[in-house]
Structure formats: C-alpha cells, structure tokens
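Nothing in this text is a laboratory measurement; each read-out follows from the coordinates by a stated rule. Computed from a prediction, not measured in an experiment: that's the story for all the values here. Glycine gets a Cβ as well: all are built from the backbone with ideal geometry, and neighbour counts include every protein chain shown.
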Amino acid sequence: MPCAVTDQPRHVAIIMDGNGRWAKQHSLPRSKGHEQGGRAVERVVDLCLAHGIPWLTLYAFSMENWGRPKAEVNGLMEMLKHFLGKSLPKMQEKGVRLRAIGELELLPEKCRDILTKAVNETQGNSALQLTLALSYGSRQEITAAARKLASLAASGKLSPQDITPELLADHLYTAGMPDPDLLIRTSGEMRLSNYLLWQVSYAELWVTPVLWPDFGEENFEEALAEYATRHRRYGKR
Ligand code: IPE
Ligand code: IPE
Ligand code: MG
C-alpha cells in the first residue's frame, strides 16, 4: 500500500512554550515574555493564511497553568482580554474564524465575554479556523466526554455497544474539527503536557529549541519542509 501523500498539513497544532525562558534570557519580567508571545501568535496566524493552511490550534493556557502564581495567571488573563480586543478587527479583515476549547467557565467573566463576542462575530469567516485552547486539558476533555456518554447510557438513550471512537470524538471539545496533521512544540521540551492527547494520535511531531517569542517565518517554513518529507503510514506498510 502506498504511503499517504503528506505535502502540506491541513491542521497545525502548536504548544507555544518558552515565554518565561525568553524573558529570563532578556532579563525581563515573565509578563514581557508573554507579551512577545502574543506577537508570535499574530505571525503564525499570518503564516497559515499565506500558506493556505485552513486550521490552526494554539495551546494558550492549560488546566495545569491555573496552578501558577496568582499574579502570573491574572497577568495572562489581562493579556488575553487585550489580545482579543485588539485582534478582533484584524481577524475580521483577514477572514479568521475564532473558536475556543477548554473549561471556559473557569475563565474570569470579562475574558469569557470578550471571547464569546470574538467567537460569535467571526462565525462567518472561513480563510482560517483559529482555535485557542484555553483552560484546556486533554484528560479533562476526555473525562467530560466519557461522563456525557455514561449519562446517555444510564438513561437508556445509548447502548454501551454503540460507543465507538467516532462517537467519543463527537463528544470532545474538538467535535467537527479535523485531527491535527502536524504538532509543533517550541522551546525544546519533548512532551505533550496534556494537549490534544486523543486528537494527535497520528499527528507528525516537530520540536524546535526556539523559544515561542522568537518563533517566526523561518522556523515555520522549516517545520513545513520537514513535514513534507514525512511518510504517514498509519500502521500500514
Ligand atoms: C508558555 O510559556 C506560555 C504558557 C504556558 C502560558 P511558559 O510560561 O511556560 O514559559 P517557560 O516554559 O517557563 O519558559
Ligand atoms: C504547556 O506549557 C501549556 C501551554 C503552552 C499553554 P507548560 O509550560 O505549561 O508545560 P510544562 O509545564 O513544561 O509541561
Ligand atoms: Mg513552559
């Protein structure tokens, strides 16, 4: 059986890591690293648009990140509000549709409001499907899906035999989205950190030592070039 032709990924997922280390390298507070990380988000959105990559999913804040010092968490939430407010007109202009996945009810109300507004107002856009994973954890996502299916089964609306991988996927936050083809992690860490564990089962992985605030065109092109050389066998020969 021939290998699947890889060429260009349809869906790129990124673990945007290394903001703190970048700040340290530049003798700046961590908040500056996160601020520069926001700029890298804008760059990567433009790169996906330029390449005609239709899906981009960014890990912006994990469930575990709630355990960081309060000042950092608050700073990140402030930044998120600022980023969304500033980006909304640009997203409209560029045809970016925003989505968010995660336990969004844990976000401060003002953040949630502005997020909901951006998600609603960009609904009609189709050049790029941009998803922010916020207050997101893959184990929590799979657990929530299991709970929904269990309650359907307990009420007699679903037979346990009818639970398939497809049905479970339909109950994840990512229902309706294609699985990522390429997963990029910056700052050299070789781990998934509770990100899209189910969805990246067959994604190609690419890790770069570059810190997220420094991530730019050259690095993205390198990832795409590497992806194009991969043979996705899906367990076949
Ligand atoms: C990634 O950068 C951003 C978030 C997790 C919110 P970090 O803040 O994890 O930066 P490092 O890993 O400490 O360098
Ligand atoms: C993963 O980075 C989460 C995000 C990029 C939002 P972390 O910095 O939180 O992950 P660990 O702690 O290195 O695994
Ligand atoms: Mg980190």
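Quick one: compute the contact order of the range 114-237, relative version, from alpha carbon pairs under 8 angstrom and 6+ residues apart, as a percent.
Across the range 114-237, relative contact order equals 22 percent.
Between E221 and K32, the simple label model (points 7 Å from Cα in the Cβ direction) yields a spacing of 2.9 nm. Descending by average beta-carbon neighbour count within 10 Å, the peptides 128-137, 172-181 line up as 128-137, 172-181, the highest first. Across the range 1-118, the convex hull enclosing all Cα atoms gives 147 Å³ per residue. Once Rh is set to the Kirkwood radius over Cα pairs, what Stokes-Einstein translational diffusion coefficient, in µm²/s, holds for the range 98-172 at a temperature of 4 °C and a viscosity of 1.567 mPa s? Stokes-Einstein gives a translational diffusion coefficient of 91 µm²/s. With contacts taken as Cα pairs under 8 Å at a separation of at least 6 residues, the chain carries a relative contact order of 32 percent.
Given I14, V44, G67, which one lies farthest toward the positive end of the charge dipole of the range 1-91, if we put +1 on the Cβ of every Lys and Arg and -1 on the Cβ of every Asp and Glu? Looking along the dipole axis, the top candidate is G67. The alpha-carbon of K148 sits under 21 angstrom from the alpha-carbons of these lysines, leaving out residues fewer than 8 places away in its chain: K157.
Considering only DSSP beta bridges with both partners in the chain, what is the antiparallel share in %, to the nearest 5?
Details: 1 of 27 bridges.
Among the beta bridges of the chain, antiparallel pairing accounts for roughly 5 percent.
Along each principal axis, taking the top coordinate minus the bottom one, the Cα set of the range 114-236 gives 54, 43, 26 Å in descending order. Remark: relative contact order (the range 10-103) = 32 percent; criterion is Cα-Cα distance under 8 angstrom and separation of 6 or more residues.
On the beta carbon distance between M190 and R43, with R0 = 22 Å, the FRET formula returns roughly 0.40.
Excluding same-chain neighbours fewer than eight residues apart, the lysines reachable from K94 by a Cα-Cα span under 30 Å are K32, K81, K86, K110, K117. Helix content alone sets the calculated 222 nm mean residue ellipticity of the chain: runs of n ≥ 4 DSSP H residues at -39500 (n - 2.57) each, divided across all residues, give -14000 deg cm²/dmol. Relative to the globular-protein estimate of 2.2 N^0.38 Å, the Cα radius of gyration of the chain stands at 1.04. Placing unit charges on the Cβ atoms only, positive for Lys and Arg and negative for Asp and Glu, gives the range 1-145 a dipole magnitude near 320 debye about its Cα centre. Sorting the Cα pairs of the range 162-203 by distance into bins of 5 Å, from 0 upward, gives 5, 19, 28, 22, 13, 8, 4, 1, 0 percent per bin. Note on A175 and K117: their simple-model spin labels are 2.8 nm apart, each label 7 Å out from Cα toward Cβ.
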